[in-house]
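Data first, discussion second: the structure below is written as structure tokens.
The values are calculated or read from the model by the stated rules, or taken from the named source; none is laboratory data. The shown structure was predicted, so the numbers you read here are calculated from the model rather than taken from an experiment. Backbone-built Cβ (ideal geometry, glycine too); neighbour counts: all protein chains shown.
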């Protein structure tokens with residue numbers, strides 16, 4: 001147990017260290033790519049059209065005219081984050097942007113990602129399969145009308161090996177950079193009041209050092225509104241999405257939301273008190289050397305920064321894993337250990353009967369089970385992913401604690417003198433009950449099984465000479481089914 005305690009302390013320290021040093025960061029700070037709009041475009045706060053849901057919110061930030069020069073900052077599938085000349089930032093469909101002279105194909109395992117002899121990936125002949133990111137020279141563009149009037153864009157390109165063919169627009173980025181700009185973001189969760197109190201009045205540059213570049217920026221009568229889609233604020237039974245920061249003279253004046261939803265777990269008493277940003281925002285893969293964020297030259301693949309070989313790797317995995325598991329074990333063990341000690345101290349009061357002591361144990365187990373149920377749901381997989389598992393876990397701890405105390409009281413605490421002086425005398429077999437069951441299978445065959453229940457009586461006595469009280473406990477033992 002001493003080793004477990006030491007490992008738990010190490011796990012706690014690691015948890016604190018992770019929380020202090022983790023932040024969103026720019027993986028590749030490539031210069032934004034200069035482009036322009038070829039269509040009138042709607043600019044949104046997220047990489048989708050205007051929508052609100054339990055997991056995402058996207059609002060219209062502004063409208064921009066065709067011909068406007070823009071800088072492409074990021075891309076997400078068919079969406080690009082752009083910045084207008086007035087500083088407005090947001091997401092727009094890549095179809096609104098002009099096709100560059102040269103561009104990377106997206107990293108994809110799609111068998112249709114390749115060059116074809118005609119602008120038709122289904123019926124054309126594939127000349128070259130692009131299995132990795134490739135920088136292509138763009139020669140021509142064509143819009144093809146498919147069945148039901150659906151239009152698909154194809155671009156004629158030249159590969160580095162000289163192959164010329166057609167590729168679907170979807171597989172080509174609208175930014176002509178050779179090195180995409182990449183920002184690594186996490187999903188952050190905080191209690192609303194503490195978060196607002198911490199950041200209101202602070203410099204926006206300090207905020208973006210922690211949470212990286214915003215998803216969008218809107219100019220609003222001399223003020224700027226910054227949108228962050230990866231920060232969730234909890235306010236009792238409500239979760240606020242699409243964080244909006246009103247900034248004046250680089251200072252955060254107000255913190256608001258784009259959307260708000262209800263979470264049933266937040267209606268439980270003490271849910272806000274038990275929610276811990278220390279655990280909510282702990283990204284454990286930070287400790288995994290194999291999963292550390294080290295990107296390839298295009299910023300797509302994640303690989304190990306350093307992967308120790310042989311025994312050293314396993315030593316690190318075992319030590320770090322044991323420390324974190326010990327920390328979680330102590331989180332579970334310590335409350336029950338303390339209540340077990342409190343119940344035992346109450347049992348030393350000779351004025352309290354066994355039923356009273358058992359009631360103390362039952363009430364404590366129920367309270368701790370409830371607290372653990374809420375604690376797990378608000379801190380680990382808080383979006384109901386493992387609701388049933390949490391219930392079973394807490395029920396198991398509750399019933400186990402009650403059963404342990406019920407058994408200890410029956411066998412070891414004398415009901416007369418109320419000392420822990422119960423001692424085994426002898427056990428006698430009262431009888432055996434036999435049962436038979438027949439299982440009939442689909443082919444008509446049958447299987448007969450017999451089982452028996454043994455009825456035992458355990459005799460106990462108080463080993464204190466002044467008392468000498470005797471009692472017994474009846475119990476049943478099931479031997480299991482055996483083929484007849």
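A compact table of results
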{"read-out": "One residue from 17, 4, 13 being in a helix (DSSP H, G or I), over 25 Å from the mean Cα position of the chain (by Cα) and not assigned by TED's automatic domain parsing to the domain that holds residue 105", "value": "4"}
{"read-out": "Residue 87 vs. criteria touching a residue at least 12 places away in the same chain (Cβ under 8 Å), assigned to a loop (DSSP other than H, G, I, E, B) and within 30 Å of residue 219 (Cα to Cα)", "value": "yes"}
{"read-out": "Meets criteria (surrounded by 13 or more Cβ atoms within 10 Å (Cβ to Cβ) and assigned to a helix (DSSP H, G or I)) for residue 319", "value": "no"}
{"read-out": "Residue that is free of Cβ contacts under 8 Å to residues at least 12 places away in the same chain and either touching a helix residue (DSSP H, G or I) at 6+ places or on another chain (Cβ under 8 Å) or under 30 Å from residue 118 (Cβ atoms) (or both), where the choices are 198, 146, 178, 168", "value": "146"}
{"read-out": "Residue 219, sole failed condition from (1) touching a strand residue (DSSP E or B) at 6+ places or on another chain (Cβ under 7 Å); (2) assigned to a strand (DSSP E or B)", "value": "(1)"}
{"read-out": "Given (1) crowded, with 19+ Cβ neighbours inside 10 Å; (2) more than 27 Å from the chain's Cα centre (by Cα), number of the condition residue 30 does not satisfy", "value": "(1)"}
{"read-out": "Those residues of region 200-235 which are crowded, with 18+ Cβ neighbours inside 10 Å and closer than 17 Å to residue 278 by Cα, in sequence order", "value": "211, 231, 232, 233, 234"}
{"read-out": "Matching residues in region 210-226 - criterion: being in contact (Cβ under 8 Å) with a residue 24 or more places away in the chain and within 19 Å of residue 70 (Cα to Cα)", "value": "213, 214, 215, 216, 217, 218, 219, 224"}
{"read-out": "Filter pass, residue 273 being free of Cβ contacts under 8 Å to residues at least 60 places away in the same chain, part of a helix (DSSP H, G or I) and within 23 Å of the chain's Cα centre (by Cα)", "value": "yes"}
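To keep it simple, each residue is scored yes or no on (1) surrounded by fewer than 21 Cβ atoms within 10 Å (Cβ to Cβ); (2) free of Cβ contacts under 8 Å to residues at least 40 places away in the same chain; (3) within 21 Å of residue 156 (Cα to Cα).
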| residue | (1), (2), (3) |
| --- | --- |
| 24 | yes, no, no |
| 36 | yes, no, yes |
| 69 | yes, yes, no |
| 74 | yes, no, no |
| 118 | yes, no, yes |
